[in-house]
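Notes to accompany the following structure.
The values are calculated or read from the model by the stated rules, or taken from the named source; none is laboratory data. The structure presented is a predicted model; accordingly, all values stated were derived computationally and were not measured. Note: ideal-geometry Cβ built from the backbone for every residue, glycine included; neighbour counts use all protein chains shown. What goes into the accessible areas is simple: the full protein's heavy atoms, side chains included, and nothing from ligands, DNA or RNA. Shrake-Rupley method; radii C 1.70, N 1.55, O 1.52, S 1.80 Å.
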Amino acid sequence: MTPPSGSAPQRVPLVASHRMKPANAEVQGAAAPNEPMSVSIILHRRQPLNVAALHGRQLTREEFHKQHAADPKAMKILRQFAVENGLTVSEEESSLDRRTLVVHGTASQMQKAFGVTLQRYARALGPGTQAQGSPTWRGYEGAIQLPSACAPHVQAVLGLDTRPIAHTHYRRLRPGQVANVSYSPPQVAELYDFPAGADGSGQTIGIIELGGGYETSDLEKYFQNLKLTPPNVVAVSVDGGKNAPSNPQGADGEVALDIEVAGSIAPGASIAVYFTPNTDQGFVDAVSTAVHDTTNHPSVISISWGGPESSWSQQATTALDDACQSAAALGITITVACGDSGSTDGVTDGANHVDFPASSPHVLACGGTDLVGTGSTIQSEVVWNDLAQDGGATGGGVSTVFPLPTWQQNANVSTATNGGTGRGVPDIAADAAPETGYNILVDGTSEVVGGTSAVAPLWAALVALLNQQLGKQVGFLNPVLYPLLGTSAFHDITKGNNGAFSAGAGWDACSGLGSPNGSSLLSSLKET
């Protein structure tokens, strides 16, 4: 790779790495030359991976490593590139299976290595600016430039741009609002007839968090109040992210909701919480770390963070979807909240948008309902939509990024905003309305909350119960669930809308296939 003496290596733009000036932001000046940085270089797979071609077969980790990890020769070329540019390779954070080479250096060194000019930006809070995180960040405009010998091996370079990429999908009651009814998570599970005699033993539920934290004392008190033994909860640091509880009005509420919902429905399962910075690098690294975590071995991963597809760069979208694809191939289910801002996903351009990573065709996208019931009897269930009262509504719609998957071809998915056909969101639904919300404990305070953030851990807990009962990992569920359309495995939601899309018989772009009938779903899976 070393060029002739006195010459520089030929450089080419990295495909899909071009970035525009961020919307609602102003340049504050150049990044400090000595600012320490971490960058994740994502490599291509040794061989392409097509989950549909597996026809439901789950790969062993040995098969995956041999066929779909990064090529060691390519990794060696990128290591040499890093060393030649004065960067330090973090062997502990790098992985062939994750296809990730993590390098450290200063802003000045990174600019030279990747051919970009790094600047500091500040965001102006305005319409459509929903991502939670620092109001200032580092970024670049234009395309990353790599030596021609390196570029063909690289899928993405993440970490140069640190803008907040996602926001939480939980909703509190509005000031002065009182819940019509509220439930403990086990009460919701009873309404949905989750399988009896299972507690998730032998399973690990992974939870991705891009901020916030939990207090162990809160968890102990919460589960004791439910007369449950607290589950084993471990915090896993990714890219320097930590369990850092600080603000009950911020991401702490998300963390508490996720752990308390999943843990109280599947109290026998272990819970691994992957804390990471709210950046595209952090998000991708956290998911790939969880998927390839051979210490905690999550069999299902819950994600309650996301942002409109239009807010993601092409390289970050591809890298994160690829991480979800790896999970599907390895038999790991990923459940993802599909957003709380209705069919626009909070974007104010007059068009409909879906949330990513919920729109990935390799995850189970989770929509929201308004559920009223007692004991094991559901009295009513409609699409969650409080937009007329300045509240939230379930996300849902049609992707303009991902094509219609084969398993959705008979679901009568609506036409996308751009007039094309695309992956329909959500796949399934469950209670999400704050007015019929979940009782949680966050930073010592009892609250009632909702949002599709509650649906992702609810379904993750159900998957843990199903895995336990079946004695195997159900893995990528979507191709198995869609043939059950119209059966007793789901409560078909036929009333309500999320703005542009209305519920109706069968699949729809606000409640998917419907809410779960857990025992019936278990019976159906036993027959497959």
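In this structure, the amide hydrogen of ARG46, modeled 1.01 Å from its nitrogen in the peptide plane, lies closer than 5 angstrom to those of ALA69, ALA70, ASP71, counting only residues at least 5 positions away or on a different chain.
Remark: the range 341-384 carries 29 Å² of accessible area per residue (probe radius 1.4 Å; ligands, DNA and RNA excluded). Helix 280-291 axis versus longest C-alpha principal axis of the chain: approximately 60°, rounded to the nearest ten.
Rolling a 1.4 angstrom probe over the protein heavy atoms with all chains in place gives the range 77-120 an accessible area of 41 Å² per residue. Using the Karplus relation 6.51 cos²θ - 1.76 cosθ + 1.60 with θ = phi - 60°, the per-residue 3J(HN,Hα) values for the range 170-177 come to 10, 10, 8, 4, 6, x, x, 7 Hz, with x marking Gly and Pro.
Give me the percent of the accessible area of the range 1-126 that comes from carbon and sulfur atoms, probe 1.4 Å, all protein chains in place.
Working: 3750 of 6950 Å².
The C+S portion of the solvent-accessible surface of the range 1-126 is 54 percent.
Spin-label model, MET20/GLU62: points 7 Å from Cα along the beta carbon direction are separated by 5.0 nm.
Relative to the longest principal axis of the Cα atoms of the chain, the long axis of helix 314-329 lies at roughly 60 degrees. Computed from the Cα positions only, the extents of the chain along the three principal axes stand at 78, 50, 48 Å, in decreasing order.
For the chain, the longest principal axis of the Cα atoms and the long axis of helix 216-225 meet at an angle of about 20 degrees.
Where the alpha-carbon atoms of the range 154-243 are placed on the principal axes, they occupy 47, 42, 28 Å, in descending order. Solvent-accessible surface of the range 421-528, averaged per residue with a 1.4 angstrom probe and all protein chains in place: 28 square angstrom.
Comparing Cα centroids, the range 417-487 and the range 132-210 end up 13 angstrom apart. When only alpha carbons are used to place a centre, the range 7-56 and the range 61-120 end up 11 Å from one another.
Restricting to bridges with both residues inside the chain, how much of the DSSP beta-bridge set is antiparallel, in percent to the nearest 5? Before the final figure, lay out each step's value.
On the way: 52 of 80 bridges.
In the chain, DSSP labels about 65 percent of beta bridges as antiparallel.
Model label points for SER519 and GLN47, set 7 angstrom from Cα along the Cα-to-Cβ axis, are 4.5 nm apart. Averaging sequence separations of C-alpha pairs under 8 Å and six or more residues apart, then dividing by the length of the chain, give the relative contact order as a whole percent. Across the chain, relative contact order equals 16 percent.
Heavy-atom surface analysis with a 1.4 Å probe gives the range 386-528 a carbon and sulfur content of 46 percent of its accessible area.
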